[in-house]
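Notes for the one structure printed next.
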Amino acid sequence: MKEFSVIVVDDHTLLSQAIQTMVDTFENFKVLYTCKNGQEVIDRFTASPANIPDVVLMDINMPIMNGIETTDWISKTHPDVNVMALSVEDENNTILKMLKAGAVGYLLKDTEKLVLEKALTEIVENGFYHTKNVTNLLMKSISGEIGNTIVLKDREIEFLKLACTEMTYKEVADKMCLSPKTIDGYRNNLFTKLEVKNRVGLVMYAIKNKIYTV
């Protein structure tokens with residue numbers, strides 16, 4: 001596995017440095033830099049493509065520009081960047097706001113080191129990571145948010161079912177005997193058609209509409 005780049009966004013310097021030190025011990029991950037708020041993230045991203053990481057570990061409560069606003073900006077301007085919330089906030093409403101903004105994972109700051117490493121690995125491999133509690137929260141909240149009038153083609157349904165597994169998009173392409181570029185097209189079309197921002201949204205849609213059963 002290649003080395004993946006990470007940035008840490010947190011207004012508490014000592015904690016940010018501690019997270020960086022921890023992540024740098026993980027075999028396939030390296031922290032590029034840290035930021036104290038969302039505005040610093042925007043400044044870094046726009047300054048150079050070299051500053052754009054694979055994964056962002058995002059705090060929520062920060063001055064100037066908070067984590068929800070920053071995640072929304074990243075999901076709209078750099079959709080290939082995976083944002084995982086790492087926060088002390090455990091209120092359902094806050095978690096949902098962060099996920100709806102485009103975060104592909106949500107962990108509390110007291111998470112064990114091995115869990116954080118597993119989460120990062122699953123995010124770069126599968127596009128999302130959620131604990132059981134967050135998954136249950138999403139399933140409850142999604143009810144009624146997306147209508148049932150959307151018509152999906154057979155191949156879109158096949159892709160959607162495979163996207164709900166732990167297979168990577170490349171493995172999905174192989175399974176469907178299609179090129180990765182074609183699979184990217186299916187994915188992006190479904191993002192638009194279903195009004196979702198990431199793979200988590202695809203999974204939740206499939207579960208809610210009984211296309212995929214857990």
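The values are calculated or read from the model by the stated rules, or taken from the named source; none is laboratory data. Note that the coordinates shown come from a computational prediction; the quantities given were computed from them, not determined experimentally. Every residue, glycine among them, receives a Cβ derived from its backbone with ideal geometry; neighbour counts consider all protein chains shown. All accessible areas refer to the heavy atoms of the entire protein, side chains included, with ligands and DNA or RNA removed. Shrake-Rupley method; radii C 1.70, N 1.55, O 1.52, S 1.80 Å.
Annotations for the structure displayed:
- Among the conditions (1) farther than 23 Å from VAL81 by Cβ; (2) modelled with pLDDT of 90 or more; (3) not hydroxyl-bearing (Ser, Thr, Tyr), ALA206 misses just one, which is (2).
- In the set (1) over 22 Å from ALA47 (Cβ atoms); (2) at pLDDT 90 or above; (3) of a type outside the set (A, V, I, L, M); (4) open to solvent by 50 Å² or more (accessible area, probe 1.4 Å), LYS97 fails one condition alone, (2).
- Considered as a group, the residues in segment 79-94 that are among the β-branched types (Val, Ile, Thr) and over 17 Å from ILE52 (Cα atoms) include one that is modelled with the lowest pLDDT, and that residue is THR94.
- Hits in segment 27-50 (condition: surrounded by fewer than 18 Cβ atoms within 10 Å (Cβ to Cβ) and touching a residue at least 40 places away in the same chain (Cβ under 8 Å)): ASN28
- ILE64, sole failed condition from (1) open to solvent by less than 80 Å² (accessible area, probe 1.4 Å); (2) more than 20 Å from HIS78 (Cα to Cα); (3) hydrophobic (A, V, I, L, M, F, W, C): (1)
- Segment 12-26, subset among the aliphatic types (A, V, I, L, M) and in contact (Cβ under 8 Å) with a residue 24 or more places away in the chain, residue least open to solvent (accessible area, probe 1.4 Å): VAL23
- Considering each residue of segment 168-189 in turn, none proves to be at pLDDT below 90, on the phi > 0 side of the Ramachandran plot and not hydrophobic (A, V, I, L, M, F, W, C).
- Residue count for segment 149-190, restricted to those that are hydrophobic (A, V, I, L, M, F, W, C), open to solvent by 40 Å² or more (accessible area, probe 1.4 Å) and either in a helix (DSSP H, G or I) or within 19 Å of VAL124 (Cβ to Cβ) (or both): 2
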